[in-house]
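Chemist: One structure, pasted below without further comment.
No lab work stands behind these numbers, since they all come straight from the coordinates. Note that this is a predicted model, so its numbers are computed, not measured. Reconstructed Cβ throughout: ideal geometry from the backbone, glycine too, with neighbour counts over all protein chains shown.
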Amino acid sequence: MAPQETLTAAPLDPTDPAAPATEVKPQALADRVLDGGAVTEEEALALLNVPDAEVLGLVQAAGRLRRRWFGNSVKLNYLVNLKSGLCAEDCGYCSQRLGSEADVLTYSWLSTEEAVRAARTGMDAGARRVCLVASGRGPSNRDLDRVGDIIDGLRQADPDIEVCACLGLLREGQAERLAAAGTDAYNHNLNTAASHYDDICSTHTYADRADTVAKAHRAGLSACSGLIAGMGETVEELVDVAFALRRMGSDSVPVNFLMPFDGTPLAGSHTLSPLDGLRILAMVRFVHPDTEVRIAGGREDTLRSLQPLGLEIANSIFLGDYLTSEGQAGAADLQMIAEAGFVPVGAEGDPAHRTAPADGVAPVIRRRGAATPAAPNA
């Protein structure tokens, strides 16, 4: 498979006469953004077509923006799935969707005590934001009361903890109720471009999602809204959704990479390479230079061994597990952050989060390969 064929199901062919002729020099583009300029959609598209051999240079250029506004800090976020599965919506990417045959946990609402206990695990590991998530089209008023009780419990444990709610589509007045209950932010991702939305969901629209983000903004909540890459969208649609998020004023932009669960319509859709993941993160960083960019679901499967390079671009990650899938161990996340020279937000003066020397484990003596009956390691 050619390098550019891994970006999307319908990749842009730079040899196509109809392809945009825009050429981009990432370092020069970074200079312009650092001087107060902005990238165009054509330039963002060109970033997604940087050749494989030039991706490390793209990462370095995007990293200049990341370090200007966020230094070497990494914000840790922790997900708590309050209610899992049995959703009536048919989002094609979701393991909790209507008709899903994915073998994931299904349960009704956690009690306040269970939710706080789960959240404390992440908080104790350094998470500065807890994301409270529940499956379903949208919350009932009783659901909002439940979330309010959980927030009270979290604030008793740590008055400074940030709380983000993700409960689906909001009706009039519900964002205000969440704000009054102490919610800091509301997550509702656009997920993809308006032109692609009907291909991934039929039970609600792109406009419905944008309306919920607007409701959160009007209520004074920080709007957390991002995208999912790898759902068959074109590179143009990736750029389109990144700019739509900028126009709507998203305060934090989670970049998810599709996790193609068995039992969902997108099962088996592994279309992104690690270098594609870095291109997408870099494009989003250039479009949102001073905004929190979070590497969200799917980073382990898409970025793989290049996860530390993702931190050169993004300044935020989820710690540990996701809603219905396991993530990299939280301790491994913290080790990765430290070894890459970054520090979790709130731990800047804590020596426990500084890069440590090797732990003193002795080299393993070779007992295989040449001059042994054991097969060589290759």
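Chemist: For the stretch 279-357, which trypsin sites (Lys or Arg not before Pro) are both in a DSSP coil and crowded by at most 13 other Cβ atoms within 10 Å? All intermediate terms of the calculation are to be shown ahead of the outcome.
Modeler: Working: sites: Arg279, Arg285, Arg294, Arg299, Arg304, Arg354; in loops: Arg354.
Within the stretch 279-357, the qualifying trypsin sites (Lys or Arg not before Pro) (loop, at most 13 other Cβ atoms within 10 Å) are Arg354.
Chemist: Let me ask you something else. Once R0 is set to 51 Å, what does the formula 1/(1 + (r/R0)^6) return for the Cβ-Cβ distance between Ala374 and Asp52, expressed as a FRET efficiency to the nearest 0.05? Write out the running numbers ahead of the final one.
Modeler: On the way: r = 36 Å, r/R0 = 0.71.
The formula returns an efficiency of 0.90 here.
Chemist: Return a whole-number percent for the relative contact order of the stretch 229-314, with Cα pairs under 8 Å and 6 or more residues apart as the contact set.
Modeler: Numbers: 97 pairs, mean separation 29.9, N = 86.
Result for the stretch 229-314 is 35 percent.
Chemist: What are the principal axis extents of the Cα atoms in the chain, in Å, biggest first?
Modeler: Taking the Cα atoms of the chain, the three principal extents are 66, 57, 46 Å.
Chemist: Here's a follow-up. Using the Karplus equation 6.51 cos²θ - 1.76 cosθ + 1.60 (θ = phi - 60°), what ³J(HN,Hα) coupling, rounded to whole Hz, does each residue of the stretch 188-203 give in order, writing x for Gly and Pro?
Modeler: 7, 6, 5, 6, 7, 5, 4, 5, 10, 4, 5, 7, 10, 7, 10, 8
Chemist: How long is the gain from Ala329 to Asp90 if the chain were fully straight, where each residue apart is worth 0.36 nm and the alpha carbon distance is subtracted?
Modeler: Numbers: separation 239, 0.36 × 239 = 86.04 nm, distance 2.99 nm.
Gain in length upon complete extension: 83.0 nm.
Chemist: I would also like to ask the following. I need to check one value: relative contact order of the stretch 193-260, counting alpha carbon pairs closer than 8 Å and at least 6 residues apart, in percent. Write down the numbers at each step before the final one.
Modeler: Details: 66 pairs, mean separation 25.5, N = 68.
It comes to 38 percent, rounded to a whole number.
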